[in-house]
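A short write-up of the structure that comes next.
The values are calculated or read from the model by the stated rules, or taken from the named source; none is laboratory data. The shown structure was predicted, so the numbers you read here are calculated from the model rather than taken from an experiment. Note that we place each Cβ from the backbone using ideal geometry, even for glycine, and neighbour counts take in every protein chain shown. For accessibility, only protein heavy atoms count, side chains too; no ligands or nucleic acids. Shrake-Rupley method; radii C 1.70, N 1.55, O 1.52, S 1.80 Å.
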Amino acid sequence: MLHVIGAGFPRTGTRSMKAALERLGFGPCYHMAEIGSNPEHVDRWLPAASGLRLDWDSVLDGYPSTQDWPASFFWREQAEAYPDAKVVLTVRDPHRWYLSMQTLIATRRDVPPDLPEAGAAVLRTMERLRPVLDLIGESTFGDTWDFQRGMPDEEIAVAAFHRHVADVQKSLPADRLLVFDVREGWEPLCRFLGVDAPAGEPFPHLNDSETMQRALRQLLTDGGIDSAFISGTPD
């Protein structure tokens with residue numbers, strides 16, 4: 001049963017939110033990193049690219065919370081399927097978000113063809129997911145979206161960011177939705193979820209741009225890959 005639905009875009013602190021939700025007892029949290037670690041999960045999402053309605057009990061089996069694309073793109077469907085679940089919309093400065101998304105896409109796109117097998121396997125998984133990612137990109141930024149060209153112009157992307165935030169806010173009652181910047185820490189999140197904040201523990205802040213670059217270097221040198229590279233969700 002899904003208890004917490006993530007509705008935020010990638011690169012809005014969703015990796016930190018994954019760690020926070022799991023610490024609060026709402027784990028495991030479904031995140032893009034789960035697909036990188038479990039390539040067979042791609043098959044759970046592919047029907048969406050053909051316009052089919054997903055069976056959320058099957059797609060999210062074993063996961064009481066979600067964050068990050070592809071899951072957060074389907075926040076509305078999940079909110080309908082699980083009317084008792086609460087929704088957390090992660091946000092950040094949209095211009096900083098845009099630069100972070102640019103870095104992410106460039107990092108994923110500009111990789112050599114002769115990767116070590118471990119890295120190549122992860123990229124093959126992401127390529128299999130490509131129809132779903134294209135659906136998300138076109139729905140979010142318009143039908144001119146092209147992963148190979150990278151993010152659209154900043155004005156278009158930032159407008160999409162604001163449009164998404166407004167859409168989520170107008171679609172859900174205030175008592176079911178938390179608009180949350182991870183810099184706010186434990187207090188508003190725990191109050192919203194009705195749980196106690198971990199005493200003496202700082203709120204997790206994970207997967208910044210430096211982490212992503214370090215993960216890429218690891219991929220290119222020894223074939224290992226950190227889940228930060230595939231998750232795409234720094235603060």
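At a glance:
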| quantity | calculated |
| --- | --- |
| Per-selection Kirkwood Rh - segment 1-136 (Cα, Å, 1 d.p.) | 15.6 Å |
| Among 19-32, 190-203, the order from most to least packed when residues are scored by Cβ within 10 Å on average | 19-32, 190-203 |
| Length added when fully stretched, H95-A199, from 0.36 nm per residue minus Cα-Cα | 34.1 nm |
| Where the Cα pairs of segment 1-50 fall when distances are cut into 5 Å bins, in % | 4, 17, 25, 25, 21, 6, 2, 0 |
| Average accessible area per residue (Å²) across segment 17-137 - probe 1.4 Å, nucleic acids and ligands excluded | 42 Å² |
| Sulfur and carbon atoms: percent of accessible area, segment 1-148 [1.4 Å] | 50 percent |
